[in-house]
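What follows is calculated from the coordinates using simple rules that are stated; it is not laboratory data. All values reported here derive from a predicted model rather than from experimental measurement. When we count neighbours, we look across all protein chains shown, and the Cβ atoms used for this are built from the backbone with ideal geometry, even at glycine.
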Amino acid sequence: MKWRCTVCGYIHDGDQAPEKCPKCGAPREKFEQVPADKAELIEKSRQTNSLWMSFVDLVETLEELSERGIEENLDPTCVQLFKKAQQTAHELGQAAKAEMQAHVNKGKWG
Ligand SMILES: [Zn+2]
């Protein structure tokens, strides 16, 4: 079961609403139960959000790795490939962050 704080939007997982909202301190009466279909959407969104966060971590690692490869400067084709990888990783990371932000703006994360 999920409970939503009507004051700040905090989502609590459990059999009943918390005594106090951990985020804003509102009392239990300020919580309402989230309908099952909405709760499922929130759960899905959380999972997708956490996938995107891992994704951003990975592409940032790829960016750093490429940076090191460029610094090593072994030969031009090597450097060119690292530059391409760095650029692509950067763009993917930015796109992923924009996608997460779009979800936040739409209120999909609950
Ligand atoms: Zn709250």
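Residues of the range 71-110 that are on the phi > 0 side of the Ramachandran plot and in contact with a Lys or Arg (Cβ under 8 Å, 6 or more places away or on another chain): G110 alone. Kindly indicate the residue of the range 12-26 that is surrounded by 13 or more Cβ atoms within 10 Å (Cβ to Cβ) and within 10 Å of the ligand (Cβ to nearest atom) and also nearest to R46 (Cα to Cα) among those meeting that condition. Per the criteria, the residue is H12. Answer with yes or no whether G9 is within 16 Å of the ligand (Cβ to nearest atom) and not hydroxyl-bearing (S, T, Y). Yes. Within the range 27-47, restricting attention to residues that are more than 22 Å from the chain's Cα centre (by Cα) and hydrophobic (A, V, I, L, M, F, W, C), the residue that is nearest to the ligand (Cβ to nearest atom) is F31.
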